[in-house]
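A short worksheet on the structure shown next.
The values are calculated or read from the model by the stated rules, or taken from the named source; none is laboratory data. Keep in mind it's a predicted model, so treat the numbers as computed, not measured. Ideal geometry is used to build each Cβ from the backbone, glycine not excepted, and the neighbour counts take in all protein chains shown.
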Amino acid sequence: MESPAGKRKALTLEQRVAALKKLDSSQSCRDVAKEMGCGKSQIARIKSEKEDVMKEWESGARSDQKTVKRRKTQYEDLNNVVWEWFCTARSKNLPVSGPLIQEKALILGMEMGQDEFMASNGWLESWQRRLNTIQFNLILF
């Protein structure tokens with residue numbers, strides 16, 4: 001039997017951005033929560049994490065993905081540097097393959113003093129999934 005409050009509802013990134021826009025138009029957390037079908041504490045948390053939500057939205061992350069919590073990776077700084085390199089290469093219309101990303105990640109890791117970093121296929125798959133590089137129509141293997 002469901003609780004009186006109902007089942008928990010995870011909002012997609014797109015829904016979180018829509019909630020922030022409603023909050024910006026001076027709607028209360030309670031009103032937005034009622035419209036979105038979730039709790040007001042969830043809307044309040046989204047409001048407090050506004051910068052992170054908008055940064056994720058602007059980076060081109062998957063808008064349909066429901067996430068409860070974004071976990072930091074062990075090599076967060078390196079992942080960001082590889083992402084910047086990737087975006088620069090794509091803006092110059094350079095072909096970028098999976099092995100090339102792995103090679104560049106190893107080089108950048110060494111430069112950043114992360115000698116224990118291994119750009120494995122698992123790391124590459126996680127990096128692609130996390131940053132949604134599939135949207136660039138790349139053949140990565």
Subset of the stretch 22-62 that is loosely packed, with under 15 Cβ neighbours inside 10 Å and closer than 11 Å to Leu11 by Cβ - its residue that is modelled with the highest pLDDT: Arg45
Number of positions in the stretch 86-99 that are farther than 15 Å from Trp123 by Cβ and either of a type in the set (A, V, I, L, M) or touching a helix residue (DSSP H, G or I) at 6+ places or on another chain (Cβ under 9 Å) (or both): 5
Scan of the stretch 91-117 for residues that are assigned to a loop (DSSP other than H, G, I, E, B), touching a residue at least 40 places away in the same chain (Cβ under 8 Å) and closer than 17 Å to Asn80 by Cα, ordered by number: Val96, Phe117
Any hit, the stretch 124-136, residues being farther than 21 Å from Leu13 by Cβ, modelled with pLDDT of 90 or more and either not assigned by TED's automatic domain parsing to the domain that holds Trp57 or not in a loop (DSSP other than H, G, I, E, B) (or both): yes
